[in-house]
1. Taking segment 795-822, which residues are under 17 Å from Thr745 (Cβ atoms) and of a type outside the set (A, V, I, L, M)?
2. Check Ser546, Ser551 and return the single one that is closer than 30 Å to Gly771 by Cβ, in contact with a Leu (Cβ under 9 Å, 6 or more places away or on another chain) and surrounded by 24 or more Cβ atoms within 10 Å (Cβ to Cβ).
3. Anything in segment 382-393 that is over 32 Å from the mean Cα position of the chain (by Cα) and at negative phi? List them, or say none.
4. From Thr224, Thr239, grab the single residue that is buried (at least 23 other Cβ atoms within 10 Å of the Cβ), at pLDDT 95 or above and in a loop (DSSP other than H, G, I, E, B).
5. Can you tell me how many residues within segment 448-481 are open to solvent by 40 Å² or more (accessible area, probe 1.4 Å) and of a type in the set (A, V, I, L, M, F, W, C)?
6. Could you go through segment 326-348 and let me know if any residue there is touching a His at 6+ places or on another chain (Cβ under 6 Å), outside any helix (DSSP H, G or I) and at pLDDT 95 or above.
7. Suppose we keep only residues that are hydrophobic (A, V, I, L, M, F, W, C) and assigned to a helix (DSSP H, G or I) within segment 302-313. Which one would you say is surrounded by the most Cβ atoms within 10 Å (Cβ to Cβ)?
8. With respect to Asp580, is the statement that it is in a loop (DSSP other than H, G, I, E, B) and at pLDDT 95 or above true?
Amino acid sequence: MALEQHTKMKAQIRTKAWLPRAGLVLFAPVLYAQAGQFSLARGPDGTKTLERCLLQEGSHTSRALPNGIETRCGKMILEVVALRDDVLRVREAAKGELPEDASWAVPVDIRHQAVEVSPEATPEAVGFHTKALRIRIERATLRLSITDLEGNVLQEDAAGWPVEFHGDAFRVYKKMPADEHYFGLGDKVGPLDRRGQSFRLWNTDAFLFQESSDPVYKSIPFFTAMRSGRSMGFFLDNTWSSSFDFGRIERNLYSFGAEGGALDYYVFYGPDPKQVVRTYAWLTGLPPLPPLWSLGFQQSRFSYGTESRVREIAARLRSDRIPADVLYLDIDFQKERRPFTVDPERFPHFEQMLSDLKRDQFHVVVITDLHIAKVPGTDYAPYDSGIEGDHFVKNANGSTYVGTVWPGASVFPDFTRHETREWWGKLYKNFVSEGVAGFWNDMNEPSVFLTNNLTMPDDAQHRIDEPGFRTRIATHLEIHNVYGMENSRATYEGLLKIIPDVRPFVLTRATYAGGQRYAATWTGDNTSSWNHLRLTTPMLLNLGISGFGFSGADTGGFIGTPGPELLTRWTELGTFQPIDRNHTNKGSGDKEVWVHGPEQEAIRRRYIEERYRLLPYIYTVVEEMSRTGLPVVRPLFLEFPNATEDLHPMDLDAGNEFLFGPDLLVAPPPFPEQPDSYRLRLPAGVWYDYWTGEKIQAAKTEAEPASLLIQPKLETLPVYVREGAIVPLQPVIQSTEEAPQGALTLRVYPGKDCRGSLYLDDGKTMAYKRGEFMRMEFSCVTISTGLTLHIGERHGDFQPWWNQIHIEVYGWDSAAATASVKGKQQAPAVSIDTSNHILTLEIGDEIHGTDLDIHTSR
């Protein structure tokens, strides 16, 4: 900007003719704004002055770093470094030095990774490039832009004032192209695409949340942006109350900011959206492989309040032949609702009950809220040992903070101390020894009753004593959003120390980015309404791409009593979600599978049985998630990023459709309460109806998705299989503790890139890390005379439950066929269902694999 323009701007400030971007607080005593690298402050006489560093010769400097660049402008400092060729870290500060390099989300070994870069400089800008990205910082304004090496803009600072510092708070503005779309931020309510919306990240007990509610339970400041078939990931590593606006306030800008803490963010390139999700998992951590039983059907309510009622529910599930693995105990199993206790009157034979339920192949998950009852002198060990170890959060005056929750007056562990987390983990020893299988950390936003802000006071004191952090006192404003994550971390790590070879199952309500390393989650206190059934899918999809691929929503809705059709449709949808848990609130009517009579029960049972048939497929997808971060439920754009002609995400046109793993497309009605027909959108190619095997030619090119009319039927949730899928299934079982009886089924859906995989282990222990697993790969090729199928050799030491493989080939148009197995003289018998175009045969399982040729008869 020329000198005369600076002079004009100064004059505008003095005459109040110039106003900053909305939200800039002009009356603040000190205000730094990085847009054109100027600071706005009151002079001694109370007037406002505008200083621009470039008007002062030599005040702007830049310094090349081995993996990036540092630029300074007065007290402003901007540092951009490359962790990988496709991953950048941006740090900025207004007071002369960068803050402490510490993170609850990104491990230190990841933060300090580096690649060499090639510096670049022109008279107008400085920067560098990696093998994938180019970074440019304008000398005159310090505006940052990031492009790929072909010049495609991934992220670009807004003109004017792209960064504002309001005391300790900041806000950053970026240009928002008209064709860019945004996904992520966890399970925020509303549409899948975040464009046009704004959100606050402040973990909140959002009881009775609705479609417009904000904030809710989690703070995950990550999103992925998609434009013209290219994807970029963004993660703001800041634990304070933060906010994101995607063009709601300013149509051509998106912005993010926080009330305090570091301006520290990461930008990473796909360009494939799967790569963005994988990179986010690389930054913040992978979810652990959960126990197999947690993928089974789960039954819960607030509360099954007596031992006899729990036994009754378990007996009914088994007598009605409803497959189930998990029963939950909510707070009423506790004595006076005190965590880590059992009410001896309601549950007089607690340990025996656990033993009996285990014999009947049930796993029991109990709730362990983090509020510890303040009851001195009552031999309540969690309180007594916590006081002795000084483990509770403090008030500003140094006294122990006390708040009211379910047990009454309560104190709260200070999970920012590693010693406190170790103490908390040891509290689980008795429950584990008695046979409790998993633990549920609820109310950990933290929720506090009888307060104006629903949580702890802003000035409550947390004593950070954590490797990688400077030991110091932090207010609750800084710790609030990570408090629930550190609670689940303490639980998870404690269980690993108690039983190191058994996989923990921890379910948390509140969390932060990286919390997927410790716990699964769910969407909180939803309601028994059609609206909340509809909200479930976008909430879980955005959770999945935000790291939490293992998540669920309470089937039937937590608050209220669903009618027969609502519960049935929700049960159908729950079959195709990572966690399938039926749950309800105190005061709501019964919500178990058998309510509403035998006709509704039969439909619901059929879908739960289908989930158990699909367990080999589901477990394989979950194991992939534990290695890559790719979620179980996926938006269409994750597998089909180029499915539309102008490359916008196909999901924007496809209602509530989603993918269950890579191969199954689930298409619930966009308005499930309505009987009206609706349009199904399928990506280009061949698809098969999962229930009937019918072959559907969607379109010939990726840019021409099909549009088919569907008439809703209560008993049918439309599900489709993509061409080229090979889907493993098993016989129906009543529990994952039961070995399937019969053959492994491989459903083969011929088409391009035909392949599949199967993973198996004991489902419980860490033995898979020692090689005790089994992995198989499958592939098929369509030829002029039929099909060749390759069943790969088994890798790993784990022995499967089957010795026969039942093969089903869909889309078989010939009335006859022959089959031969390479190396075998005897040909397997072939059966053909000509009306449904399904060929079936059965072969023996071979440890070293099998090559099978299937030919049409001539």
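1. If we filter segment 795-822 for residues that are under 17 Å from Thr745 (Cβ atoms), which is where we start, we get 800-812, 819.
Within segment 795-822, Pro800, Trp801, Trp802, Asn803, Gln804, His806, Glu808, Tyr810, Gly811, Trp812 meet the criteria.
2. When all the criteria are applied, what remains is Ser551.
3. Across segment 382-393, the qualifying residues are Tyr383, Asp384, Ser385, Gly386, Ile387, Glu388, Gly389.
4. From the options Thr224, Thr239, the qualifying one is Thr239.
5. 5
6. Yes, some residue in segment 326-348 is touching a His at 6+ places or on another chain (Cβ under 6 Å), outside any helix (DSSP H, G or I) and at pLDDT 95 or above.
7. The qualifying residue surrounded by the most Cβ atoms within 10 Å (Cβ to Cβ) is Val310.
8. Values: in a loop (DSSP other than H, G, I, E, B): no; at pLDDT 95 or above: yes.
Judged against the criteria, Asp580 is not a match.
The values are calculated or read from the model by the stated rules, or taken from the named source; none is laboratory data. Only a predicted model underlies this, so the values are computations on that prediction, with no experimental measurement involved. Note that we place each Cβ from the backbone using ideal geometry, even for glycine, and neighbour counts take in every protein chain shown. Accessible surface is based on the protein model in full, side chains and every heavy atom, while ligands, DNA and RNA are left aside. Shrake-Rupley method; radii C 1.70, N 1.55, O 1.52, S 1.80 Å.
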